[in-house]
Amino acid sequence: MSGELAAEFPGLRAGWISCQCSDPRCDPGVGERLALLASRFNGRQALELRQQQVPAAYRSFFRQVGLDPEQQPTPIEQAVLGRLLSGGNLPQDRISDGLLLALLETSVPVVAFEAGAVAPPITIRGAEHGELVTDAELEPGALILADGQRPLCQLFSAPEPPLAAAAESESLLLVAVVVPGVSEIASDEALTIAAAAISGG
C-alpha cells in the first residue's frame, strides 16, 4: 500500500492464506453451520448488525471512499440480505460455502483466487492509468487488490476468471480485505474459518 493511502486509511490492508480443496462437493457440516447462522437473522437483527464493531467499520469505510452502504451494501449486509430474501443460506459448493461461513461468523469478507494465478504479497492500492482487470480498464485511483505483477480485482468485488477460484479449484489463495477499525484477530479468524471449511480440516 502506498504511503499516501496508508496515511489516509491507517489499518487498511489485505491478509491471505493458502489452502487446498480436494472435493468440490458441499460439506454437510458446513451446511449445518450455515443453516444455524441463517436462523439468527431476521429483519430486526439485520438492522442491529450495523451497530456491531466490525460491520460498522466496513460501513464507515464505504462512506469514506464514496460508497453509500444503503445503495451498495457492505459484504456482510449483502449476505444477510440474501439470507432474508432466499429464506436461508442455500448450499452452493465447498468454496462458496466456506467463504460465506467466514463472512457470517466474523463479518470480514474473504475472496478466493487460483493459487497459481496470483503471486503474493497481496496489497491494496490505487489503480494506475491504463491498468486492466479482465480486459476492463480501471478508473485511475480506484482501490484494488493487486499482487506484485498486476491488478487482481476492485476492492469488494468478486475476482473473475482466470484469476478467480472456481468450484473445482484445488489450490487456492484466500484473501481478506481488512478496513480500519478491524483487528488482525478478526481477519485471521475469517481466513482460518474459510480455509478449514474449504479444506475439510
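The values are calculated or read from the model by the stated rules, or taken from the named source; none is laboratory data. Please read all numbers here as calculations on a predicted model, not as lab measurements. Positions of Cβ are generated from backbone atoms using ideal geometry, with glycine treated the same way; all protein chains shown enter the neighbour counts.
Within the range 116-134, residues that are more than 13 Å from LEU163 (Cα to Cα) and of a type outside the set (A, V, I, L, M, F, W, C) reach partners that are modelled with pLDDT under 90 and surrounded by 19 or more Cβ atoms within 10 Å (Cβ to Cβ) with beta carbons closer than 7 Å, at six or more positions or on different chains, in the pairs GLU131/LEU138.
Among all residues of the range 59-73, there is none that is within 30 Å of SER171 (Cβ to Cβ) and surrounded by 19 or more Cβ atoms within 10 Å (Cβ to Cβ). Taken residue by residue, the range 108-117 has at least one member that is of a type outside the set (D, E, K, R), modelled with pLDDT of 95 or more and part of a loop (DSSP other than H, G, I, E, B). If you check GLY148, GLY181, GLY141 for being at positive phi, without any contact (Cβ under 8 Å) to a residue 60 or more places away in the chain and in a loop (DSSP other than H, G, I, E, B), only one passes: GLY141. When residues in the range 3-33 are screened for being over 17 Å from ALA102 (Cα atoms), aliphatic (A, V, I, L, M) and at pLDDT 85 or above, 1 of them pass. Restricting attention to the range 29-76, the residues being among the charged types (D, E, K, R) and within 20 Å of SER183 (Cβ to Cβ) number 2.
Do we find a residue being outside any loop (DSSP other than H, G, I, E, B), surrounded by fewer than 19 Cβ atoms within 10 Å (Cβ to Cβ) and of a type in the set (A, V, I, L, M, F, W, C) anywhere in the range 85-107?
yes
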